[in-house]
Amino acid sequence: MEMCQIDYSATDTPSEHELVELYDSVQWTAYTRDPAHLVAAVAASLATVTARLDGRLVGLARVVGDGLTIIYLQDILVAPQLQRTGVGRELLSRVLAPYREVRKVLMTDDEPPQRAFYEAMGFTEIRDAEPPLRVFVSFGS
């Protein structure tokens with residue numbers, strides 16, 4: 001794909017339709033079952049950065065947390081046709097920039113491309129952390 005001009009914004013507010021379209025494009029359908037809930041979740045984020053190509057939402061990264069001691073990278077999505085073009089790297093860099101001195105946590109699928117991407121961005125997988133750490137999760141029932 002030829003290089004395109006991507007517009008990034010930390011103040012953009014995507015519409016419900018745009019969010020559903022982007023999340024569906026990467027098969028994150030658990031988020032799109034209740035579009036109003038998705039809109040509210042994105043709005044409640046500590047920080048959000050969007051990527052647009054010709055006005056169309058093609059990427060989004062968001063963090064949640066207190067912004068002082070910890071943040072969680074909640075979502076980072078890039079439309080399939082623009083994956084592996086640097087959009088995800090730029091989204092991540094921009095959304096994390098204000099929190100350089102804050103502990104960052106994320107949870108992702110257990111797939112080699114995700115591990116390679118996040119390690120390249122400075123993250124360490126929990127099983128490789130020193131000192132050893134544990135992570136616990138509880139998914140809503």
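Can you give the calculated 222 nm mean residue ellipticity of the chain, where each DSSP H run of n ≥ 4 adds -39,500 (n - 2.57) and the sum is split over every residue, rounded to the nearest 500 deg cm²/dmol?
On the way: 5 runs with 42 residues, N = 141.
Helix contribution divided over all residues of the chain: -8000 deg cm²/dmol.
According to a simple spin-label model (label point 7 Å from Cα along Cα-to-Cβ), what is the distance in nm between V102 and E21?
Placing both labels 7 Å beyond Cα along the Cβ direction yields 3.0 nm.
Need one number: % antiparallel among DSSP beta bridges in the chain, to the nearest 5. Write down the numbers at each step before the final one.
Numbers: 18 of 22 bridges.
Close to 80 percent.
Grab the Cα-Cα distance for D109 and D66, subtract it from 0.36 nm times how many residues apart they are, and report the gain in nm with one decimal.
Numbers: separation 43, 0.36 × 43 = 15.48 nm, distance 2.42 nm.
The span from D109 to D66 would gain 13.1 nm if fully extended.
Considering the Cα positions of the range 37-112, please state its Rg to one decimal place and its Dmax as a whole number of Å.
12.6, 37
What residue among L19, L38, L68 shows peak mean-square fluctuation when the chain is described by a Gaussian network model with Cα springs under 10 Å?
L68
Once R0 is set to 22 Å, what does the formula 1/(1 + (r/R0)^6) return for the Cβ-Cβ distance between A120 and A10, expressed as a FRET efficiency to the nearest 0.05? Can you show the working numbers first?
Details: r = 22 Å, r/R0 = 1.02.
With a Förster radius of 22 Å, E is 0.45.
Where is the GNM fluctuation largest for the chain (alpha-carbon springs, 10 angstrom cutoff): G122, G55, G88?
G122
Once amide H atoms are placed 1.01 Å from N in the peptide plane, what residues at a sequence separation of 5 or more from D12, or on another chain, have their amide H within under 5 Å of its amide H?
It is T50, by chain and number.
Report, by chain and number, residues whose modeled amide H sits under 5 Å from the one on L46, excluding near sequence neighbours (fewer than 5 apart, same chain).
Here V63, V64, G65 satisfy the definition.
Sequence gap at least 6, Cα distance under 8 Å: using those rules, report the relative contact order of the range 1-53 to the nearest whole percent.
On the way: 39 pairs, mean separation 30.5, N = 53.
In percent, rounded to a whole number, it is 58.
Anyone know which of P112, P35, P80 comes out most mobile in the 10 Å Cα GNM of the chain?
P112
Over the chain, consider all pairs of different Cα atoms and compute the Kirkwood hydrodynamic radius from their mean reciprocal separation; express it in Å, one decimal. Could the numbers behind the result be given before it?
Numbers: mean 1/r = 0.0625 Å⁻¹.
Across the chain, the inverse of the average 1/r is 16.0 Å.
Full-extension gain between W28 and R134, please, as 0.36 nm times their residue separation minus the C-alpha to C-alpha distance.
Full extension from W28 to R134 adds 35.5 nm.
Using only alpha carbon positions, build the gyration tensor of the range 98-141, then give the equivalent ellipsoid semi-axes as the square roots of 5 times its eigenvalues, largest first, whole angstrom. Numbers along the way, then the final one.
Values: eigenvalues 65, 47, 35 Å².
Its equivalent ellipsoid spans semi-axes of 18, 15, 13 Å.
Bear in mind that the values in this text are calculations on the coordinates, not laboratory data. From a predicted model like this one, the values you see are computed outputs, not experimental measurements. For neighbour counting, all protein chains shown are included, and Cβ atoms are generated from backbone atoms with ideal geometry for every residue, glycine included.
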